[in-house]
Amino acid sequence: MREIASRMVTETVSTLLQDGCYHLADDVITALRQAYEREESPAARNVLVQLLENAEAADRDEIPLCQDTGMAVVFLELGQDLHLIGGDLYEAIQEGVRRAYAQGYLRKSVVVKPFSARVNTRDNTPAVIHTTIVPGDKLKITALSKGFGSENMSRLAMLTPAAGRQGVIDFVVKCVDEAGANPCPPVIVGVGIGGTAEKCMLLAKQALLRRVGDPHPDSEIAELEAAILNRVNDLGIGAMGYGGRITALAVHVEVFPTHIAALPVAVNLQCHSVRHREATL
Amino acid sequence: MKTISMIPRSVQLPLSEDVVETLHAGDGLLLTGVMYVGRDAAHKRMIETLEAGEKLPVDLKGQVIYFMGPTPARPGKIIGSAGPTSSYRMDAYSPRLMAEGLKGMIGKGMRSREVKEAIRQYKAVYLGAIGGAGALLSSCIRKVEVVAYDDLGAEALRRIVVQDFPVTVVNDIYGGDLYEEGQSQYRSTPTGRESGRSPCGPPRRPISPRHPPRI
Ligand code: SF4
């Protein structure tokens, strides 16, 4: 059985989180450039230029792209034939988060007891961890720093099956519309359709991990993505909400079977400060 | 809506009422001078202080407050990434601070009706900075000191000196609102906010086959 040391996990998580916070990924830069070329609003174009300049400054000086370096969300695809040695897997991840936020001069934004004593944990732990067991002997780690300006705009609707495709589109567009300038547009719209309530929300978040603008491989879902994107960009919100043609860089939809009585739809928005990285050990 | 000038105007801080009167939604400004920095927790404490009948740790008359909580500074730097946070979370507190003489707020995102009314009543201004441009905005900050609530860490009340700090006027004393005006210019959704649409309406446009074209 293949073995890896838990400290490898710690180091990987720490590196992935820091990289994500300083260096805007190529797909996002390309999408921002395209948005700039297509945008007609001078105010929105001005914002897009500054976002590209911001990415350059962050990359050059290793200073976080955004001061909200988020809550860490870690996705694991753990091969069932892999054996971890030298410590607890989840503790290794939390240690990676601790290290990234301390050594990387990232902001610690996590508080305990959300509804009462909102005391900062001072090391940005705990991370939210989602694990899937898969065949094989590898461990794939995806680390996301999720800012809460956009996270706070998340919504879930348990639609009736009668609402259908149109109901899904209307709900998603309404969410982006109501969010307005708050989630730092241009955004990436993550949509989950199906499953149970919690599965649906997880799908919406996983949808954000796709390369920006890559359509879903299923053509029916890809068409839905394009239809929602059109409608979202008709809202006129524009970069930072100053008015413009480009409100979303992309819409990503993930789908899962659901119950005969249900049509769950979840929306999870990702601001332009897209910070996720993956590695396979 | 008047056309937005892409050439920003330089404005000195703190703000006088005369200057506030010249600001209109959509104006680009470059701010130079002193401003305060505080977000949720610092606002909560300031309001608790006022409610207890005590004095604020700083005099807010004519001042501007920036809703921001920076990342820690690297050694040799004075501050880390320093972009705005969402302003609506300060809506419950802002009118009270404007009553104390606060003249300007810098943040991102929409404000409540109460805040917009207080902006008119107290002759103040709400300015938008670019959310997620913390690395760029950080380079406009020349000096930083914590002036109160040190225990709040990233949320402590700070006084900073900025040079040519770029902002856009969002809400002015005349009721101007950049979000409403800017968005209505580019909105091609038929009636009001999307939420007002019939859920069964047909899609408005033919479906385009692909996402934004890739370069
Ligand atoms: S929504 Fe994103 S870009 Fe905006 S402040 Fe939060 S983390 Fe930064």
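A few points about this structure:
- Subset of segment B:104-146 [more than 7 Å from chain A (Cβ to nearest Cβ), outside any helix (DSSP H, G or I) and among the basic types (Lys, Arg)]: B:ARG111, B:LYS123, B:ARG142, B:LYS143
- A:ILE193 assigned by TED's automatic domain parsing to the domain that holds A:ALA250 and within 14 Å of the ligand (Cβ to nearest atom): no
- For segment A:29-46, the set of residues classified as among the aromatic types (Phe, Trp, Tyr) and out of contact with any helix residue (DSSP H, G or I) (no Cβ under 9 Å at 6 or more places or on another chain) is empty.
- Residue match in segment B:147-158 (condition: modelled with pLDDT of 95 or more, within 12 Å of another protein chain (Cβ to nearest Cβ) and closer than 24 Å to A:VAL274 by Cβ): no
- Top-ranked residue in segment B:61-106 [being of a type in the set (Val, Ile, Thr) and touching a strand residue (DSSP E or B) at 6+ places or on another chain (Cβ under 7 Å); ranked as farthest from B:VAL167 (Cα to Cα)]: B:ILE78
- For segment A:225-241, the tally of residues that are more than 16 Å from A:LEU32 (Cα to Cα) and either outside the structural domain of A:LYS205 (by TED's automatic domain parsing) or not basic (Lys, Arg) (or both) stands at 9.
- Scanning segment A:128-167 for residues that are more than 29 Å from A:ALA179 (Cβ to Cβ) and crowded, with 17+ Cβ neighbours inside 10 Å yields A:LEU139, A:ILE141.
- From A:VAL176, A:VAL172, residue being within 16 Å of the ligand (Cβ to nearest atom), among the aliphatic types (A, V, I, L, M) and within 12 Å of A:VAL267 (Cα to Cα): A:VAL176
- Candidates A:ARG155, A:ARG210, filtered to the one that is under 23 Å from A:ALA72 (Cβ atoms), within 14 Å of chain B (Cβ to nearest Cβ) and away from the ligand (no atom under 16 Å from the Cβ): A:ARG210
- Counted residues, segment B:31-45 - those being of a type outside the set (Asp, Glu) and in contact with a helix residue (DSSP H, G or I) (Cβ under 7 Å, 6 or more places away or on another chain): 4
- Which numbered condition A:TYR22 misses (of (1) more than 30 Å from B:ILE7 (Cβ to Cβ); (2) within 16 Å of the ligand (Cβ to nearest atom); (3) free of Cβ contacts under 8 Å to residues at least 12 places away in the same chain): (3)
- Number of positions in segment A:80-89 that are farther than 25 Å from A:SER145 by Cβ and of a type outside the set (Asp, Glu): 5
- Among (1) within 14 Å of another protein chain (Cβ to nearest Cβ); (2) away from the ligand (no atom under 16 Å from the Cβ); (3) in contact (Cβ under 8 Å) with a residue 12 or more places away in the chain - the single one A:GLN270 does not satisfy: (2)
Every residue, every condition in (1) among the aromatic types (Phe, Trp, Tyr); (2) more than 13 Å from chain A (Cβ to nearest Cβ); (3) under 17 Å from the mean Cα position of the chain (by Cα), yes or no:
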{"residue": "B:ASP18", "(1), (2), (3)": "no, yes, no"}
{"residue": "B:THR22", "(1), (2), (3)": "no, yes, no"}
{"residue": "B:GLY33", "(1), (2), (3)": "no, yes, yes"}
{"residue": "B:LEU56", "(1), (2), (3)": "no, yes, no"}
{"residue": "B:PRO70", "(1), (2), (3)": "no, no, yes"}
{"residue": "B:ALA82", "(1), (2), (3)": "no, no, yes"}
{"residue": "B:PRO95", "(1), (2), (3)": "no, yes, yes"}
{"residue": "B:ALA99", "(1), (2), (3)": "no, yes, no"}
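For (1) away from the ligand (no atom under 16 Å from the Cβ); (2) among the hydrophobic types (A, V, I, L, M, F, W, C); (3) farther than 16 Å from B:LEU127 by Cβ; (4) outside any loop (DSSP other than H, G, I, E, B), each residue gets a yes or a no:
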position: B:LYS44; (1), (2), (3), (4): yes, no, yes, yes
position: B:GLU48; (1), (2), (3), (4): yes, no, yes, yes
position: B:GLY53; (1), (2), (3), (4): yes, no, yes, no
position: B:ILE65; (1), (2), (3), (4): yes, yes, no, yes
position: B:PRO70; (1), (2), (3), (4): no, no, yes, no
position: B:ALA73; (1), (2), (3), (4): yes, yes, yes, no
position: B:ALA82; (1), (2), (3), (4): no, yes, no, no
position: B:ARG89; (1), (2), (3), (4): no, no, yes, yes
position: B:LEU97; (1), (2), (3), (4): yes, yes, no, yes
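- The requirement of being within 30 Å of A:VAL47 (Cα to Cα), small (Gly, Ala, Ser) and either in contact with a helix residue (DSSP H, G or I) (Cβ under 6 Å, 6 or more places away or on another chain) or part of a helix (DSSP H, G or I) (or both) is fulfilled nowhere in segment A:153-170; no residue meets it.
- Members of segment A:194-213 that are over 14 Å from the mean Cα position of the chain (by Cα) and surrounded by 24 or more Cβ atoms within 10 Å (Cβ to Cβ): A:CYS200
- Filtering A:HIS259, A:HIS276 for residues that are more than 30 Å from B:LEU127 (Cβ to Cβ) and within 16 Å of the ligand (Cβ to nearest atom) leaves a single hit, A:HIS276.
- A:VAL97, sole failed condition from (1) within 16 Å of the ligand (Cβ to nearest atom); (2) under 14 Å from A:HIS276 (Cα atoms); (3) buried (at least 23 other Cβ atoms within 10 Å of the Cβ): (1)
- Among the candidates A:THR69, A:THR125, residue that is buried (at least 16 other Cβ atoms within 10 Å of the Cβ), under 25 Å from A:VAL9 (Cα atoms) and either within 12 Å of another protein chain (Cβ to nearest Cβ) or among the small types (Gly, Ala, Ser) (or both): A:THR69
- The residues of segment A:128-151 that are within 14 Å of chain B (Cβ to nearest Cβ) and within 20 Å of A:GLU254 (Cα to Cα), listed by number, are A:LYS146, A:SER150, A:GLU151.
- A:CYS184 within 16 Å of the ligand (Cβ to nearest atom) and either basic (Lys, Arg) or touching a Ser or Thr at 6+ places or on another chain (Cβ under 7 Å) (or both): yes
The values are calculated or read from the model by the stated rules, or taken from the named source; none is laboratory data. Note that the structure is predicted; figures quoted are calculated from it, not measured. Every residue, glycine as well, gets a Cβ built from its backbone with ideal geometry; the counts of neighbours run over all protein chains shown.
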